[in-house]
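The values are calculated or read from the model by the stated rules, or taken from the named source; none is laboratory data. Because the structure is a prediction, the values reported are computed rather than measured. Note that we place each Cβ from the backbone using ideal geometry, even for glycine, and neighbour counts take in every protein chain shown. These accessible areas exclude ligands, DNA and RNA; they are computed on the full protein's heavy atoms, side chains included. Shrake-Rupley method; radii C 1.70, N 1.55, O 1.52, S 1.80 Å.
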Amino acid sequence: MSDFAGERARDVIRAEIRQMSGYQVPDAAGMIKLDAMENPYHFPPELRARLGERLAAVAINRYPVPTYTALKAAICERLGVPAGFDVILGNGSDELITLLTVAAARPGASIVAPVPAFVMYELSARLASVRFVGVALAPDFSLDLPATLAAIERERPALVYLGYPNNPTGNLYDDAAIEAVVRAAPGAVVIDEAYQPFAQASWMSRLPEFGHLLVMRTVSKLGLAGIRLGYLAAAPAWLEQLEKLRPPYNVNVLTESAAMFALEHLDVLERQAAQLRADRDALAVRLAALGGVEVFASQANFVLIRVAGAAALWRALLERKVLVKDVGRMHPLLADCLRLTVGTPQENAAMVAALEQAMAAARRVHPIQVSDARKAP
Ligand code: PMP
């Protein structure tokens, strides 16, 4: 039976999908979870109780009203979408990336993005049989502008993605370099502002300057990763087309209601983001003080570090019940890099202590490695 199922699946499922490995999400039960850029805080108890009442009143027996007019209006008003522009909602910005890719997937189409970047740009392209062209960042993770412009000229991509700040490097690209990319791009340029609450910089207000600029955001990092809601702001001409691809009920009624509630209490989430920004900077200082750790400046709610023997240290952290992200094999520029989400001060302290212990243990086993790490590029 399973042989038959396997054979039939091999016949039906496209080769490029069979060759892929699924997105790995490790079990975080009992761990200090600092791998996925979640906000460690919740609403305070009194607001949680009110959210509970609000959700209890939602008509879960009904489909959502698929226009989502009130939620979209609240997002536009509260989150700075310029007049004359609107948003399309996604089940997370992951879904918006899929919609964009499918919309652009005509034969011969390509997508260009600097790499390393968020993996979904490439993954969604592969799933839609669209050519993905990654342009390596400079070693300091700034945009390699000549190479990016050359790729745009050569590929004439339907879509260009720019993370602002970029994941997993955490930096903001130079605005003049972004503008040069936008001016050169023959298709759409999607500025992915998933980490905007921690960067306090945005291209949203510049939407009216460029008809082919789209700004994508998510509420995930702000504190609502579990509800799955992303939004893409663009001129109506883009949204009109993209709406045709959107599954009509892609945002469920509980998400819709919780998002409305969160927008009414945005000040709470913004205070949490401010706390996380301050804690990020404090964490960067503590990490740099460890010695042998190269810390990259971050405008996001995570810090990228380079440290000799990162893969082994990742396992050692896991044994100490701290889950971070080993990005060392994602791209050659990230060799020996770990991505550390900013948690509560207690979680950050526990993570730094675990890292320090793991490094000390590694030094006892391989005394030479640590001096090598200081020379790491
Ligand atoms: N864009 C970037 C740059 C990200 O890092 C992420 C999540 N890691 C997303 C988009 C997707 O966010 P979500 O699907 O939770 O909205």
Given the DSSP H assignment, sum -39500 (n - 2.57) over each helix run of at least 4 residues in the chain and divide by its residue total; what's the result at 222 nm in deg cm²/dmol, nearest 500?
-13000 deg cm²/dmol
Structure shown: which of 72/325; 72/221; 72/244 lie over 28 Å apart, alpha-carbon to alpha-carbon?
72/325
Taking just the alpha carbons, could you work out the radius of gyration and Dmax for segment 262-377, both in angstroms?
15.1, 55
Quick one: what do you get for segment 309-365 if you divide its Cα Rg by 2.2 N^0.38 Å?
1.11
Using a 1.4 angstrom probe on the protein heavy atoms only, line up 244, 72, 325 by accessible area, largest first.
244, 325, 72
Normalised radius of gyration for segment 41-141, please: alpha carbon Rg relative to 2.2 N^0.38 Å, two decimal places.
1.50
Descending accessible area (1.4 Å probe), largest on the left, turns 337, 76 into 76, 337
Please provide three numbers in whole Å: the alpha-carbon extents of the chain along the principal axes, with the largest listed first.
61, 59, 56
Relative to a virtual label point 7 Å from the Cα of residue 260 in the Cα→beta-carbon direction, which members of segment 75-91 show backbone nitrogen distances below 14 Å?
75
Tensor-based shape of segment 86-226 (alpha-carbon gyration tensor, a/c under 1.5 rounded, otherwise prolate or oblate)
rounded
For the residue pair residue 240 and residue 77, what label-to-label distance in nm results when each label sits 7 Å from Cα along the Cα-to-beta-carbon direction?
2.6 nm
Nearest-10 value in Å² for the accessible area of residue 85, using the 1.4 Å probe
40 Å²
In percent, what relative contact order does segment 14-155 have, based on Cα pairs under 8 Å that are 6 or more apart in sequence?
16 percent
Residue among 177, 109, 59 with the largest mean-square fluctuation in a Gaussian network model of the chain, springs linking Cα atoms under 10 Å
59
For segment 81-96 and segment 172-251, distance of Cα centres in Å
7 Å
For segment 226-331, what is the accessible area per residue in Å² when the probe is 1.4 Å?
42 Å²
For residue 32, enumerate residues with amide H under 5 Å from its amide H, sequence gap 5+ or separate chain, H modeled in the peptide plane.
322, 323
With the chain treated as a Gaussian network of Cα nodes joined by springs under 10 Å, which of 14, 339, 126 yields the largest mean-square fluctuation?
14
Quick test of the membrane-span-like rule: which DSSP H helices of the chain reach at least 27 Å along their long axis (C-alpha atoms) with mean Kyte hydropathy at least -1.0?
266-288, 345-365
More than 18 angstrom apart: percent of Cα pairs within segment 267-326:
44 percent
If we count every other residue with Cβ under 14 angstrom of residue 102's Cβ, Lys/Arg +1 and Asp/Glu -1, where does the sum land?
+1
Taking K and R as +1 and D and E as -1, what net charge do the other residues with C-beta under 13 Å from the C-beta of residue 111 add up to?
+1
Largest-first ranking of 111, 60 by accessible area, probe 1.4 Å, whole protein assembly kept, is 60, 111
Any idea of residue 35's accessible area? Nearest 10 Å², probe 1.4 Å.
20 Å²
